[in-house]
1. Restricting attention to the stretch 172-195, and to residues there that are at pLDDT below 95 and of a type in the set (A, V, I, L, M, F, W, C), which single residue is nearest to G26 (Cα to Cα)?
2. Looking at D44, D35, which is the one that is acidic (D, E), in the same structural domain as R172 (by TED's automatic domain parsing) and closer than 18 Å to A191 by Cα?
3. Counting only residues that are part of a loop (DSSP other than H, G, I, E, B), surrounded by fewer than 19 Cβ atoms within 10 Å (Cβ to Cβ) and in contact (Cβ under 8 Å) with a residue 24 or more places away in the chain, how many does the stretch 112-145 have?
4. Could you tell me which numbered condition Y231 fails, if it satisfies all but one of (1) under 22 Å from D35 (Cα atoms); (2) at pLDDT below 90; (3) hydroxyl-bearing (S, T, Y); (4) crowded, with 20+ Cβ neighbours inside 10 Å?
5. So, restricting to strands (runs of 3 or more DSSP E) that lie completely within the stretch 252-333, which ones have at least 2 residues that are within 31 Å of the chain's Cα centre (by Cα)?
6. If I go through the stretch 334-351 residue by residue, how many of them are in a strand (DSSP E or B) and farther than 17 Å from F228 by Cα?
7. Return the total of residues in the stretch 324-351 being surrounded by 10 or more Cβ atoms within 10 Å (Cβ to Cβ) and hydroxyl-bearing (S, T, Y).
Amino acid sequence: MSGVVFDDVVAGAGRLNGLSFAAPAGTIVALVGGDRAARRLALDLLTGAARPASGEVRIGDFAARSFGSPLPHGVALSLDGADFAPRRNLYDAIASGLRQRGLSRAEAEARALHAADRYGLGGALATRARDASLPHLRRTALARAFAHRPPAIVADEPFADRALGEAAAELRALRDATGATLVVAVGDAGAAIALADAAVLLRDGRAEASGAPTALYERPPTVAASGFGPYGMNVLPVRANQTGLSLEDGTTLGGASVRTGATFALLGVRPEHLFPWEGDMPPEHGARLPVIVENVQSTGADLFATGRIGAFSVTARLPAGTSLTVGAPAQFGVKGEHLHMFDPRTGERLA
């Protein structure tokens, strides 16, 4: 099967502005970040609903450029079912186009019925698309993709109204059954981590970073990419010296200064890596953040605390039952392996 490539793509009056990434055949890649319209536009370029102003979009041997035609219909199929003819029934939505893929009439019918049975549509095949429920339309789109086995399949926010684990398992099963490359647009980094083999982080119409979701979470290559994860990263401007890291107002944080050779840097710490800490010294090889607590909110399983350290806000995700008082001082610790350092000028990772 074929992979997907975006090569310096500009489209949508600059909504995509030089987007480049490659998804190997048979992988699931998640487009994360940017605005939803930019992510949707990338999917439309794959399905042939849009054409790039410059650059090239490729699915295997098929390519779309600023001149010529968009990608042919059916090379990539969408899982939203928006292109179903409203007056045609769900069987037609699944079977239409199978003959053009080289199947005989009997083979096309058998494959369409097998796909419908796989997704529990047997009793609804005569229903017109305009009269079908949203769950039936969703399952019909899955059945169509299963029956057609196109080189690429795209999905826009497939977790919007469904349990993450259930939807992720369903998409992985579809990928495994078809061998297709799946390109999924999601607004939630947690969904990308749960589902995708690779993630592309969009920013200003470009790929800010790309790679395995866990790698992007554990070692974001830029400060802009540090937002990838269940919660945004705390970022503090710091000065490095012989005693470690400190804020401009002189607040000492600890942290080994050897983590960066720069005099000034941006320190990144994820909320989930902070923990209550007592004592004047930071954790070994780590740092301590003395804050004034401004807000405490419980989710049942976790406690989210927001505090201020100098002029900067810090959020911590703490165990339920942690005792904190709004308006009172508190201290959070972080281990050395969870400290991230970025260049304040370029935003690139230092350590």
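1. Only one residue tops the list, namely L195.
2. None of the other options fit; the residue is D35.
3. Number of matching residues: 2.
4. Going through (1) under 22 Å from D35 (Cα atoms); (2) at pLDDT below 90; (3) hydroxyl-bearing (S, T, Y); (4) crowded, with 20+ Cβ neighbours inside 10 Å one by one, Y231 breaks only (4).
5. In the stretch 252-333, the matching strands (runs of 3 or more DSSP E) lie at 264-269, 287-298, 302-309, 312-319.
6. The number of residues fulfilling the criteria is 1.
7. 1
For (1) assigned by TED's automatic domain parsing to the domain that holds D44; (2) crowded, with 19+ Cβ neighbours inside 10 Å; (3) of a type in the set (G, A, S), each residue gets a yes or a no:
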site	(1), (2), (3)
A180	yes, yes, yes
A196	yes, yes, yes
L216	yes, yes, no
V238	no, yes, no
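The values are calculated or read from the model by the stated rules, or taken from the named source; none is laboratory data. Values in this document were obtained by computation on a predicted structure and should not be read as measured data. Glycine also receives a Cβ, built like all others from the backbone with ideal geometry; neighbour counts cover every protein chain displayed.
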